[in-house]
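Just so you know, all these numbers are worked out from the coordinates, no wet-lab data involved. Please read all numbers here as calculations on a predicted model, not as lab measurements. Quick reminder, even Gly has a Cβ in these numbers, built from the backbone with ideal geometry, and neighbours come from all protein chains shown.
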């Protein structure tokens, strides 16, 4: 009797854990993943001062927003955390929280904030940086 119950249990287990239905990835999900990847690419290119990648990853206006910094710095470390994605028509708005550490003249300055990256096109490109721009050297408090 125990063997029959065991075999029946194993049979039910095998049938229930068998072939699973594969769900298709939505277009919104694909765009969101592309936006996350683009943001990481731009962040990494900015940290190593790779202007070629920055130009490829943004529109003309987006490139101006990313390179608007006029202060000289030795290095910068950026951390981006995606918070929210809105897709409206042909634009995608990626809200991120960010932290930065800038080193200039041997002094370290930290900053944090929220930004919205506006992206558009196929493939996506950054067309604007709204709110707290993480690519701008922070104003130092006296």
(message) Looking only at the stretch 83-106, how many residues end up being touching a residue at least 24 places away in the same chain (Cβ under 8 Å) and in a strand (DSSP E or B)?
(response) 14
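Checking the conditions here, which among 70, 39 is under 21 Å from residue 93 (Cβ atoms) and either in contact (Cβ under 8 Å) with a residue 60 or more places away in the chain or not in a helix (DSSP H, G or I) (or both)? Before the answer, list the steps.
Numbers: 70 fails: under 21 Å from residue 93 (Cβ atoms).
When all the criteria are applied, what remains is 39.
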(request) Could you tell me which of the residues 110, 77 is surrounded by 12 or more Cβ atoms within 10 Å (Cβ to Cβ), part of a strand (DSSP E or B) and without any contact (Cβ under 8 Å) to a residue 60 or more places away in the chain? (result) 77
(message) Restricting to the stretch 124-142, and then to whatever is over 17 Å from residue 85 (Cα atoms) and surrounded by fewer than 13 Cβ atoms within 10 Å (Cβ to Cβ), can you tell me which residue is farthest from the chain's Cα centre (by Cα)?
(response) 142
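Scan the stretch 83-107 residue by residue and report those that are farther than 25 Å from residue 28 by Cα and surrounded by 13 or more Cβ atoms within 10 Å (Cβ to Cβ).
Result: 99, 100, 101, 102, 103, 104.
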